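Q: Sharing a structure, written as structure tokens. Questions coming.
The values are calculated or read from the model by the stated rules, or taken from the named source; none is laboratory data. Computed from a predicted model, the values in this text were never measured in an experiment. Cβ placement follows ideal geometry from the backbone for every residue including glycine, while neighbour counts extend to all protein chains displayed. Protein only, heavy atoms only, side chains kept; ligands, DNA and RNA dropped before computing areas. Shrake-Rupley method; radii C 1.70, N 1.55, O 1.52, S 1.80 Å.
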Amino acid sequence: SLPLLYTHKYSQRSKKYSIYNQFNEYQWIFTSSYLGEIDNELELKPTLLVIYQNTASKIIEAGCQAVSVKKYSFGLKYRLKEAVIIILTFQIKEQLDFSYAYDYAVSSLKSNYQGTHEIGLSYKLLRKVNTKNARTIYRN
């Protein structure tokens, strides 16, 4: 993903904002995960996140979550030389998840940093549908 495609500047002289595109300030985000079944009640989800920006250092984060009966998950992540993250997720509806994460600093910033609490909602746009053939659809 490329979340900061455009950015803005504020001019004190004109008292206006201007929008511009600066390629060397792009923040490139690459993410990957896999959901592997352990048994009927448990799945493991290893994850990888890489954030790259020319004007800043790159961020690498790896982790693994245990997913129970597709309703709850618990995981640990490690952001290289920066933080250890604990994440809890609860499935509210088939396509809607609520999550809580806590980042604990392991870098030199930890003396001035009390950690970060994060709350998230995620909505899955695509829905799994069982089909016997291309013309007939059976919904769960």
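Q: Taking the mean number of other Cβ atoms within 10 Å as a proxy for protection, how do you rank 30-37, 52-59 from highest to lowest?
A: So the order, starting with the most tightly packed, is 52-59, 30-37.
Q: Please report the carbon-and-sulfur percent of the accessible area for the chain; probe 1.4 Å, protein heavy atoms only, DNA, RNA and ligands left out.
A: Reported share for carbon and sulfur atoms: 58 percent.
Q: If the elastic network links every pair of Cα atoms under 10 Å, which of Lys15, Lys70, Lys45 fluctuates the most in the Gaussian network model of the chain?
A: Top of the fluctuation ranking is Lys15.
Q: At each listed q (0.20 Å⁻¹), what is the log10 of I(q)/I(0) that the Debye formula gives for region 4-76 modelled as equal alpha-carbon point scatterers?
A: Relative scattering, expressed as log10 I(q)/I(0), comes to -0.85.
Q: Where only protein heavy atoms count, and the probe is 1.4 Å, what is the accessible area per residue for the chain in Å²?
A: 80
Q: State the dimensionless ratio Rg/Rh of the chain (Rg: radius of gyration of Cα atoms; Rh: Kirkwood radius).
A: 1.09
Q: So, with +1 on the Cβ of K and R and -1 on the Cβ of D and E, and no other charges, what is the size of the charge dipole of the chain about its Cα centre, to the nearest 20 debye?
A: About 700 debye.
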